[in-house]
Amino acid sequence: MKSTPADRTDDRDDDVLAPPPIDLLPWHATACDRLSGAVAAGRLPHGLLLQGPAGVGKERFASALAAALCCSGRGARVEACGQCPECALSRAGNHPDVHWVRPLEEKKTIGVDQVRDVCEHLAMTSMRSGHRVAIVTPADRLTVQAQNALLKTLEEPAPRTVIVLVTARPSALLATLRSRCQRVEVARPVPAVAARWLAEALGRPASPRLLALAGGAPLKAVGLAPHFDELERQMIALLDALLGDRIDVTRAAADMQGEGLLARLDWLENWLGTALQRAAGVGDETALTIRAGSPLQRATSELNITAAFQVLDRLREARRLLEGSASAPLVVETVLLELRAAVRPR
Ligand SMILES: [Zn+2]
């Protein structure tokens, strides 16, 4: 299967559920506390930059925040009461004062017309009592023109309006736009909190490897869960064959193509990380189960550490290249060539 541009973007917030729930997730408390402090002091800014890695629930946080700002029954804390008529509208995903702005279907970017539309809505007087909120996600997909239009609105904001920019890549935004927004960091939960939440979400205890593969981001782990066992089995077999010289780099790269390419690259990065931790004598808890005496097991124990770090850099570069128009098989081949060199005894 050919990889489509949509598969290639791992910055996409895979953490939204529709209609968006209005409750915070357990690890959102710190960010919520900070905002509550600002609101209590009458310092809620008109622009918020909600940032954090993919899969920590940034859109969920934005949704809960919008519901709280529209809620007519909340206390000092910026958290929706869940009981009032406003909350009922928010929960159903059709509160008239909450506007979501996303890339239009089949488009990669958020255009200036979309931004002008939503800014017009924000400028209108609300029939309801709360704030008017626009949530732009992923904000790093805004065109420069669209960012400038937002900037103009933020320079002369209508009263009781908030624009929430959601992104895993804040550096992709214009510095002028960022400087108009207050940053709110949605961080990863500590592993114990993540594991507890994940087990509840999946209805069974999850492998620590799954959470590690998701980079500690619980919603990303939920998305990976259905394919995790298969991915693990496939990648172990593939690396074993490559390192045991049963298949060549071209064939291995071809086997990695398709819809799950990014997940397979994530897996490689995670495996290398685990192998490096093992070389440093730590991190056994989430170690892979690899057949003793297999080429992969030998490779893991004979890792060239300097070269392995270079492969990690190469993997990050590969993701950037894949977002552009680079040939996916060639990019993966380059990674695998270096990987093979890094795990071969010299
Ligand atoms: Zn309410």
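The values are calculated or read from the model by the stated rules, or taken from the named source; none is laboratory data. In this text, all values refer to a predicted model and were calculated from it rather than measured experimentally. Heads up, the Cβs are rebuilt from the backbone with ideal geometry, glycines too, and the neighbour counts pull from every protein chain shown.
Data overview
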{"read-out": "Given (1) more than 26 Å from Gly273 (Cα to Cα); (2) assigned by TED's automatic domain parsing to the domain that holds Gln145, index of the condition Thr167 fails", "value": "(1)"}
{"read-out": "Qualifying residue in the stretch 11-29 (condition: modelled with pLDDT under 90, farther than 17 Å from Ile135 by Cα and within 16 Å of the ligand (Cβ to nearest atom))", "value": "no"}
{"read-out": "Selection within the stretch 173-192 - modelled with pLDDT of 95 or more and part of a helix (DSSP H, G or I)", "value": "Ala175, Thr176, Leu177, Arg178, Ser179"}
{"read-out": "Residue selected from the stretch 93-108 under the condition hydrophobic (A, V, I, L, M, F, W, C) and not in a loop (DSSP other than H, G, I, E, B), by the criterion farthest from the ligand (Cβ to nearest atom)", "value": "Val101"}
{"read-out": "Test: residue in the stretch 155-169 that is in contact (Cβ under 8 Å) with a residue 60 or more places away in the chain and assigned to a helix (DSSP H, G or I)", "value": "no"}
{"read-out": "Failed item, numbered, when Val311 is tested on (1) surrounded by fewer than 19 Cβ atoms within 10 Å (Cβ to Cβ); (2) free of Cβ contacts under 8 Å to residues at least 60 places away in the same chain", "value": "(1)"}
{"read-out": "Any hit, the stretch 78-95, residues being basic (Lys, Arg), over 18 Å from the mean Cα position of the chain (by Cα) and surrounded by fewer than 22 Cβ atoms within 10 Å (Cβ to Cβ)", "value": "yes"}
{"read-out": "Among the candidates Ala134, Ala146, residue that is away from the ligand (no atom under 16 Å from the Cβ), free of Cβ contacts under 8 Å to residues at least 60 places away in the same chain, under 23 Å from the mean Cα position of the chain (by Cα) and more than 30 Å from Ala214 (Cα to Cα)", "value": "Ala146"}
{"read-out": "Search result, residues across the stretch 132-152 that are buried (at least 21 other Cβ atoms within 10 Å of the Cβ) and either part of a loop (DSSP other than H, G, I, E, B) or touching a His at 6+ places or on another chain (Cβ under 6 Å) (or both)", "value": "Ala134, Thr137, Pro138"}
{"read-out": "Breaking point among (1) more than 19 Å from Arg132 (Cα to Cα); (2) part of a loop (DSSP other than H, G, I, E, B), for Gly37", "value": "(2)"}
{"read-out": "Sole exception among (1) farther than 30 Å from Leu262 by Cβ; (2) within 16 Å of the ligand (Cβ to nearest atom); (3) not acidic (Asp, Glu) for Thr161, by number", "value": "(2)"}
{"read-out": "Qualifying residue in the stretch 227-250 (condition: part of a helix (DSSP H, G or I), of a type in the set (D, E, K, R) and more than 25 Å from Thr334 (Cα to Cα))", "value": "yes"}
{"read-out": "Thr161 vs. criteria over 23 Å from the mean Cα position of the chain (by Cα) and assigned by TED's automatic domain parsing to the domain that holds Leu50", "value": "yes"}
{"read-out": "One residue from Ser63, Ser129, Ser90, Ser72 being within 14 Å of the ligand (Cβ to nearest atom), within 27 Å of Gly216 (Cβ to Cβ) and either touching a residue at least 60 places away in the same chain (Cβ under 8 Å) or among the small types (Gly, Ala, Ser) (or both)", "value": "Ser63"}
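Yes/no per residue for (1) within 21 Å of Arg43 (Cβ to Cβ); (2) touching a Phe, Trp or Tyr at 6+ places or on another chain (Cβ under 7 Å); (3) not small (Gly, Ala, Ser):
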position: Gly111; (1), (2), (3): no, no, no
position: Val162; (1), (2), (3): yes, no, yes
position: Leu173; (1), (2), (3): no, no, yes
position: Ser179; (1), (2), (3): yes, no, no
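Quick grid of which residues meet (1) within 26 Å of Leu142 (Cβ to Cβ); (2) surrounded by fewer than 20 Cβ atoms within 10 Å (Cβ to Cβ); (3) within 19 Å of the chain's Cα centre (by Cα):
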| site | (1), (2), (3) |
| --- | --- |
| Thr176 | yes, yes, no |
| Ala192 | no, yes, no |
| Ala201 | no, yes, yes |
| Ala214 | no, no, yes |
| Lys220 | yes, no, yes |
